[in-house]
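A.B. asks: Quick one: the structure is below, questions incoming.
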Amino acid sequence: CYINSEIKPDNTAAEHERILREIESTDTNCIGPTLRSVYDGQEHGLFMEKLDVRIRNHDREIEKMCNHHFQGFVDSITELLKVRGEAQKLKSQVIETNNRLQDDGKELIGSMEELKRCRVQQRNIATTIDKLTHCLPVLEMYSRLQEQMKAKRYYPALRTLEQLEQTCLPRAGQYRFCSIMAENIPKLRTQIRDTAMTQLRDFLESIRKHSDKIGETAIKQRDVHFGSPVSQQDSGIRDVEDDEEDEEVPGAQDLVDFSPVYRCLHIYTVLGLRDTFENYYRKQRRKQARLVLQPHSNMHETLEGYRRYFNQIVGFFVVEDHVLHTTQGLVNRAYVEELWELALSKIVAALRTHSSYCDDPDLVLDLKNLIVLFADTLQGYGFPVSQLFDMLLEMREQYGEILLKRWNVLDQDNFSPIPVSTEQQYRHYTSQFPLQDPELEKLPFPKKFPFSEFVPKVYCQIKEFIYACLKYSEDLHLSSTEVDDMIRKSTNLLLTRTLSHCLQYAIKKKNVGLAELVQVIINTTHLEQSCHFLEEFISNITNVPPDTVNATKLYGTSTFKDARHAAEAEIYTNLNAKIDQFLQLADYNWLAAEQRVGTPLTASDYLIDLIAFLNSTFAVFTNLPGKVAQTACMSTCKHISTSLMQLLIDPEIRQISMGALQQLSADVKECESFARAGPVAGFQGDTLLLAFSDLRQLLDLFTQWDWSTYLADYGKPTCRYLRVNPNTALALLEKMKEMSRKNNVFNFRKMDRDKQKLIDTVIKQLRNLIAGLR
């Protein structure tokens with residue numbers, strides 16, 4: 001609206017006209033700027049004149065308009081005066097009517113006031129009912145909450161508390177009791193949480209104390225559903241009460257109330273603390289697992305100690321398995337498997353340690369059966385138990401070692417043939433040992449078995465050992481071939497190590513007599529012949545044919561054969577030692593005078609005693625195998641011959657007379673008579689005499705002084721003195737020369753000097769012969 005104050009003169013009139021139109025058409029609130037533009041200019045006087053002209057024009061127009069409508073105005077006033085009279089009359093009527101109405105409406109107004117008060121009361125009652133409708137459920141629910149808390153029904157109480165907080169209290173409104181309830185809700189939650197945790201702790205403590213009973217029940221339940229292992233049926237492991245077929249064995253879940261776990265899990269889930277609860281439960285159960293897996297220091301002393309240990313472990317994992325399958329995620333499969341892997345390693349380590357202290361085979365067998373039952377029970381719950389069966393295979397070796405250590409049958413043997421006087425006694429022994437001897441069957445009673453008590457005892461104990469190995473192999477999930485191989489290897493250990501050592505000890509021990517050694521040979525011979533019966537016995541109990549490819553063969557034949565050979569060698573050694581004892585009694589007069597031709601000589605006393613001893617000894621050899629007796633007899637004769645030969649060439653004996661050689665020849669003749677008499681049957685012709693042929697030819701050569709024949713025929717197959725060694729003959733001649741030289745120092749008889757020359761001549765010829773042989 002701003003107008004420039006410098007307006008040109010020729011435009012002033014037009015501008016003033018515009019301003020006036022603007023004033024006429026503009027709201028008076030906005031006219032200030034317009035008038036300001038007039039006063040800011042220099043033509044405001046002219047403008048005022050124009051404004052007065054315009055005002056006068058408008059006044060004239062207003063006057064014209066009023067003159068035009070005046071008559072109508074006068075008529076209206078006249079009509080209005082008429083209406084006023086009527087209005088006064090109407091007013092009086094209205095006042096009168098109002099007074100009457102007021103008088104008549106006083107009672108109605110009272111009724112209306114009463115109605116109003118009733119309506120207010122009705123509204124208040126409705127409001128109260130509405131509020132009570134929202135408050136009563138709160139009070140009822142709070143009362144129910146208190147009853148549930150009192151009855152220790154904490155999970156429903158927690159649900160009630162949740163409903164009270166989220167639904168009922170917001171509807172009830174802001175009341176003091178609602179505020180008090182709202183303030184108590186966190187405290188009640190804490191109380192429920194703590195009480196549930198207390199119940200869980202009580203539950204954990206209870207199952208820790210009763211794990212033994214839970215595990216025992218689970219193992220019994222396994223027996224009821226699947227039957228006890230074959231090995232356990234024979235071991236006496238099961239309690240007497242297990243045999244009550246009519247008694248139903250309760251399940252582990254029947255012995256344990258798991259509601260505290262479920263209740264606490266639900267409560268902590270509702271409280272949003274499920275992870276806290278899971279971690280706490282798993283931590284506590286891990287601690288309990290470590291306690292359960294720690295065996296007592298004296299567990300190895302009794303089977304009951306092992307039983308309690310296994311029952312506790314089974315009880316622990318039965319509880320965990322039940323929790324795994326009845327709760328959603330409290331424990332998962334990975335957690336249980338991890339716990340089982342930890343437990344399995346500790347169980348195997350504990351069993352290895354404690355079983356190593358055991359030296360009772362019955363306890364080891366019962367322990368094995370208990371472990372099998374333990375493993376089968378846990379396997380039924382889905383736990384892998386292959387490590388336990390691997391450990392049982394390790395224990396099998398320990399079991400075999402214990403059996404071997406306790407195996408001894410020679411201490412009480414009398415090394416005498418078994419006498420039987422009745423058929424019953426005979427059948428008793430033949431039932432223990434598979435003797436097949438038709439000749440013995442035909443003999444009348446009383447009669448004797450060729451072997452001693454050692455044979456049936458060994459055979460029976462070998463079978464018992466095999467049975468023991470079979471019992472251990474039962475329920476180990478082994479094939480028939482594996483069982484057969486295991487039994488054969490264990491039996492071979494028994495034969496090659498334990499029995500062999502027993503036999504060697506019996507053979508090598510001090511003061512063992514020849515009769516005992518003879519009996520050992522007879523015994524081992526019969527046991528060697530029975531080995532194929534043991535092969536058949538093993539095949540029958542394992543159902544594996546003995547000719548199966550790669551089947552282990554029993555080493556019984558070689559064991560008994562080696563023992564027999566050792567006994568034979570010991571017989572030869574003992575005989576030679578006894579002969580040496582007799583020979584030590586020999587007291588030859590090496591300077592004895594030569595006997596006249598035809599003078600009879602008797603054998604030395606020591607030799608007569610030796611021959612008598614040999615006759616009595618070889619009489620015992622009648623039951624020996626022929627070759628053994630013949631070898632012993634031949635060995636004896638050779639040893640006598642060799643020993644006598646050694647006496648002749650002994651360097652310490654420097655002089656020998658012809659009389660001494662004559663006495664030695666008489667002793668050899670006695671030995672030849674012994675050999676010719678045939679102390680042992682089976683020799684052909686004069687075979688036994690060959691043992692003395694070297695000595696006999698040597699003595700004949702000297703006593704008959706047949707040097708011309710010896711020297712002439714030496715080296716020929718037909719030589720009479722074929723077995724005489726020239727070196728031996730030379731040594732003996734030199735001893736005779738020494739004897740002759742000393743006798744002839746002061747002897748001047750021509751015959752003695754001629755004999756001395758002859759000896760020198762023969763010595764010279766022998767030396768030439770020996771030199772020619774080199």
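The values are calculated or read from the model by the stated rules, or taken from the named source; none is laboratory data. On a predicted model such as this, the values are computed, not experimentally measured, just so you know. Don't worry about glycine lacking a Cβ; one is built from the backbone with ideal geometry, like all the others, and counts go over all protein chains shown. SASA here: full protein model, heavy atoms, side chains in, ligands and nucleic acids out. Shrake-Rupley method; radii C 1.70, N 1.55, O 1.52, S 1.80 Å.
A.B. asks: For region 287-307, how many residues are touching a Phe, Trp or Tyr at 6+ places or on another chain (Cβ under 9 Å) and either without any contact (Cβ under 8 Å) to a residue 60 or more places away in the chain or not in a helix (DSSP H, G or I) (or both)?
C.D. replies: Residues meeting the conditions: 7.
A.B. asks: Tell me, which residue of region 129-151 that is among the hydroxyl-bearing types (Ser, Thr, Tyr) and surrounded by fewer than 14 Cβ atoms within 10 Å (Cβ to Cβ) is nearest to the chain's Cα centre (by Cα)?
C.D. replies: So, considering only residues that are among the hydroxyl-bearing types (Ser, Thr, Tyr) and surrounded by fewer than 14 Cβ atoms within 10 Å (Cβ to Cβ), the one nearest to the chain's Cα centre (by Cα) is SER143.
A.B. asks: Continuing with this model, one more query. Quick test for you: out of LYS764, LYS735, pick the one residue that is surrounded by fewer than 17 Cβ atoms within 10 Å (Cβ to Cβ) and either in a helix (DSSP H, G or I) or modelled with pLDDT under 80 (or both).
C.D. replies: That would be LYS764, the only listed residue that is surrounded by fewer than 17 Cβ atoms within 10 Å (Cβ to Cβ) and either in a helix (DSSP H, G or I) or modelled with pLDDT under 80 (or both).
A.B. asks: Okay, next question. Restricting to region 271-285, count the residues that are open to solvent by less than 80 Å² (accessible area, probe 1.4 Å) and under 34 Å from the mean Cα position of the chain (by Cα).
C.D. replies: Selection size over region 271-285: 7.
A.B. asks: Here are the criteria: (1) of a type outside the set (Val, Ile, Thr); (2) over 48 Å from the mean Cα position of the chain (by Cα); (3) closer than 30 Å to LEU517 by Cβ. Tell me which single one PHE560 does not satisfy.
C.D. replies: Against the list (1) of a type outside the set (Val, Ile, Thr); (2) over 48 Å from the mean Cα position of the chain (by Cα); (3) closer than 30 Å to LEU517 by Cβ, PHE560 comes up short only on (2).
A.B. asks: Taking the residues in region 604-624 that are of a type outside the set (S, T, N, Q) and modelled with pLDDT under 90 as candidates, determine which candidate is farthest from GLN663 (Cα to Cα). Even if it seems obvious, please write down each step before you answer.
C.D. replies: Taking region 604-624 as the starting set, the residues that turn out to be of a type outside the set (S, T, N, Q) are 605-614, 618-621, 624.
Filter again for modelled with pLDDT under 90, leaving 618-621, 624.
On the way: PHE618: 26, ALA619: 28, VAL620: 31, PHE621: 31, LEU624: 35 Å.
The selected residue is LEU624.
A.B. asks: Could you check how many residues of region 428-484 are surrounded by fewer than 18 Cβ atoms within 10 Å (Cβ to Cβ), in a helix (DSSP H, G or I) and free of Cβ contacts under 8 Å to residues at least 40 places away in the same chain?
C.D. replies: So the answer is 13.
A.B. asks: Within region 186-225, how many residues are within 21 Å of LEU255 (Cα to Cα), out of contact with any helix residue (DSSP H, G or I) (no Cβ under 6 Å at 6 or more places or on another chain) and open to solvent by 40 Å² or more (accessible area, probe 1.4 Å)?
C.D. replies: Residues in region 186-225 being within 21 Å of LEU255 (Cα to Cα), out of contact with any helix residue (DSSP H, G or I) (no Cβ under 6 Å at 6 or more places or on another chain) and open to solvent by 40 Å² or more (accessible area, probe 1.4 Å): 10 in total.
A.B. asks: Report, ordered by the first and then the second residue, all pairs with beta carbons closer than 7 Å, sequence separation of six or more or different chains, a first member in region 206-220 that is in the same structural domain as VAL261 (by the TED database), and a second member that is among the charged types (D, E, K, R).
C.D. replies: Short answer, once both residue conditions are applied: ASP212/ARG308; LYS220/ASP242.
A.B. asks: Just name the residue that is farthest from GLN284 (Cα to Cα) out of those in region 329-370 that are open to solvent by less than 10 Å² (accessible area, probe 1.4 Å) and of a type in the set (S, T, N, Q).
C.D. replies: ASN369
A.B. asks: Another question, if that's okay. So which residues in region 152-185 are open to solvent by 50 Å² or more (accessible area, probe 1.4 Å) and at positive phi?
C.D. replies: Scanning region 152-185 gives a single hit, LYS152.
A.B. asks: Do the conditions hold for VAL331, that is, is it over 18 Å from GLN199 (Cβ atoms) and part of a helix (DSSP H, G or I)? Quick ask: steps written out before the conclusion?
C.D. replies: Details: over 18 Å from GLN199 (Cβ atoms): yes; part of a helix (DSSP H, G or I): no.
Considered against the rule, which asks whether it is over 18 Å from GLN199 (Cβ atoms) and part of a helix (DSSP H, G or I), VAL331 comes out as no.
A.B. asks: Given ARG741, ARG696, ARG753, which one is part of a helix (DSSP H, G or I), modelled with pLDDT of 90 or more and of a type in the set (Lys, Arg)?
C.D. replies: One residue alone meets the criteria, ARG696.
A.B. asks: Test THR559 against the criterion of being in a helix (DSSP H, G or I) and either open to solvent by 50 Å² or more (accessible area, probe 1.4 Å) or basic (Lys, Arg) (or both), and give yes or no. If you could, list the steps in order and put the result at the bottom.
C.D. replies: Numbers: in a helix (DSSP H, G or I): yes; either open to solvent by 50 Å² or more (accessible area, probe 1.4 Å) or basic (Lys, Arg) (or both): no.
No; evaluated as a whole, the condition is false for this residue.
A.B. asks: Give just the number: which of (1) surrounded by 21 or more Cβ atoms within 10 Å (Cβ to Cβ); (2) among the β-branched types (Val, Ile, Thr); (3) at pLDDT 85 or above does ILE507 not satisfy?
C.D. replies: Tallying (1) surrounded by 21 or more Cβ atoms within 10 Å (Cβ to Cβ); (2) among the β-branched types (Val, Ile, Thr); (3) at pLDDT 85 or above, ILE507 fails exactly one: (3).
A.B. asks: Which numbered condition trips up ASP547, out of (1) in the same structural domain as THR498 (by the TED database); (2) over 60 Å from the mean Cα position of the chain (by Cα)?
C.D. replies: The one condition ASP547 does not meet is (2).
A.B. asks: Evaluate the following for ALA551: is it assigned to a helix (DSSP H, G or I), open to solvent by 20 Å² or more (accessible area, probe 1.4 Å), modelled with pLDDT under 85 and not hydroxyl-bearing (Ser, Thr, Tyr)?
C.D. replies: For ALA551, the condition - assigned to a helix (DSSP H, G or I), open to solvent by 20 Å² or more (accessible area, probe 1.4 Å), modelled with pLDDT under 85 and not hydroxyl-bearing (Ser, Thr, Tyr) - is not met.
A.B. asks: So, one more: How about region 42-54: which of its residues are in a helix (DSSP H, G or I) and over 13 Å from GLU17 (Cα atoms)?
C.D. replies: Result: GLY45, single match.
A.B. asks: Would you mind stating whether GLN102 is open to solvent by 70 Å² or more (accessible area, probe 1.4 Å) and modelled with pLDDT of 85 or more?
C.D. replies: Spelling it out, GLN102 is indeed open to solvent by 70 Å² or more (accessible area, probe 1.4 Å) and modelled with pLDDT of 85 or more.
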